[in-house]
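Report on the structure given below.
The values are calculated or read from the model by the stated rules, or taken from the named source; none is laboratory data. Keep in mind that this is a model prediction, so the values were computed, not measured. Neighbour counts are summed over all protein chains in view; Cβ atoms, including those assigned to glycine, are modelled from backbone coordinates with ideal geometry. Heavy atoms of the whole protein, side chains included, go into the accessibility calculation; ligands, DNA and RNA do not. Shrake-Rupley method; radii C 1.70, N 1.55, O 1.52, S 1.80 Å.
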Amino acid sequence: MTSKCGNLVIQGISSLDWSTPHTNKSIQCVGQPFLNYEARLYNRKTFLHSSSFQSDAGNDSSTSVAAAASAVENDDPKKKKKKKRDLLKLNEMELSKLSHYEVLGDIPMHSNYEQIKRAYHKSCLSYHPDKTGRGEDDEVFLKVKAAFDTLSDVTKRKSYDSTVDFNESIPKGGESEAKFYKVYGPVFERNLRFAACNDPANMASNSDANAPTNNGGKKKKRNKSVSQSSNAEQKKDKAPPSFGDDNTPIEEVNAFYEFWIHFESWRDFTLKATEQTEHDVDAAECRDEKRWMAKEIDRKARAMKRDEMSRITRLVERAMAADPRLKREKEREKAEKARVAREKKEKAEREAKIKAEAKAKAQEEAAAKQA
């Protein structure tokens, strides 16, 4: 439809017509309101946290009620527990962000097999299809089942724990002495999670006697002497050297870096490699295809492990280059080396002078005898 108003021609278009093709774009949610929303969503903040109602100092009743509630929670240990998350109320994106530990009721990462099994049974009481009526293909129940299948298997759990909830970033290097301990200390502490002495498989062997493994549930017989030497090795490596502070003796500093130079990581990238290669070994059509998939996954996992050890090496090198304790030790060694060289030179000069004087005296005595 067109109309004319003076020299202006107006042409109507449909509300669904666009001058350019429609494109889909993702929007990154940012800002304090969004952060507050997520904090409340995951029960990290109360609904009235930072609100004018809660912070209104003029309202004596609300202030007293909040103070009383806080006092009761602090006195009663039962009320310190986090409010249970209802997975049925989460959308697909929110559900995908949860870790297996959060899916099973926010259990800690160091939970043993029995604790994981109890958490799974408790979750089934709420999310099993017989309880919800949502069918066997319910996304929530499948998420719960996948969490238990992974965490109840020692090998799968080790691979899962290798990547879940971990920040792999390291300092860029060149930090000032004033910032060194604050920047590098937390990074070394964070990466200590993957030290061989903290291998969850070793802890599982001691506490998870009933945990299933990939060997069909058969228990392997262990040589007693090997077991004893292994336990002795674990006890030996139980307390890795600490990062220390500016007053830490140089011997302890050297021991700390010696530990990290020869750092042994238990990280297993099999699960991550499987996701990136998109190979499903269980879905292989024949034995040859299954073997090929397994080799590809293993090759990718080994490449990731090499990258991991290179990351640790870069961390150690950058820390050693910026460590003020090592710089002072280098200056001390340099000064000591210069002192030794100076004393050696002075000693050589004294000996040369003594020899010259002795030679001159001998020549004088020889000349006196001839005269």
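Tabulated results
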item	result
Accessible area (Å², 1.4 Å probe, nearest 10) - His262	110 Å²
Efficiency of FRET from Cβ geometry, Asn247 and Ala362, R₀ 41 Å, rounded to 0.05	0.10
Carbon and sulfur %, accessible surface of region 87-152 computed with the full protein complex present, 1.4 Å	50 percent
Within-13-Å neighbourhood charge of Lys327 [Cβ basis; K, R +1; D, E -1]	-2
Accessible area (Å², per residue) of region 87-152, counting only protein heavy atoms and a probe of 1.4 Å	54 Å²
Kirkwood Rh and Cα Rg combined as Rg over Rh, evaluated for region 87-152	0.94
Probe 1.4 Å - accessible area at Met93, Å² to nearest ten	120 Å²
Under 18 Å from the Cα of Lys156 - aspartates and glutamates, other chains or at least 8 residues apart	Glu102, Glu114, Asp165, Asp199, Asp208, Asp268, Glu275, Glu278, Asp280, Asp282, Glu296, Asp298
Mean Cα-pair separation over length for region 87-152, i.e. relative contact order, pairs under 8 Å, 6 or more apart, %	40 percent
Heavy-atom accessible area ranking, 1.4 Å probe, most first, across Ile312, Ile261	Ile261, Ile312
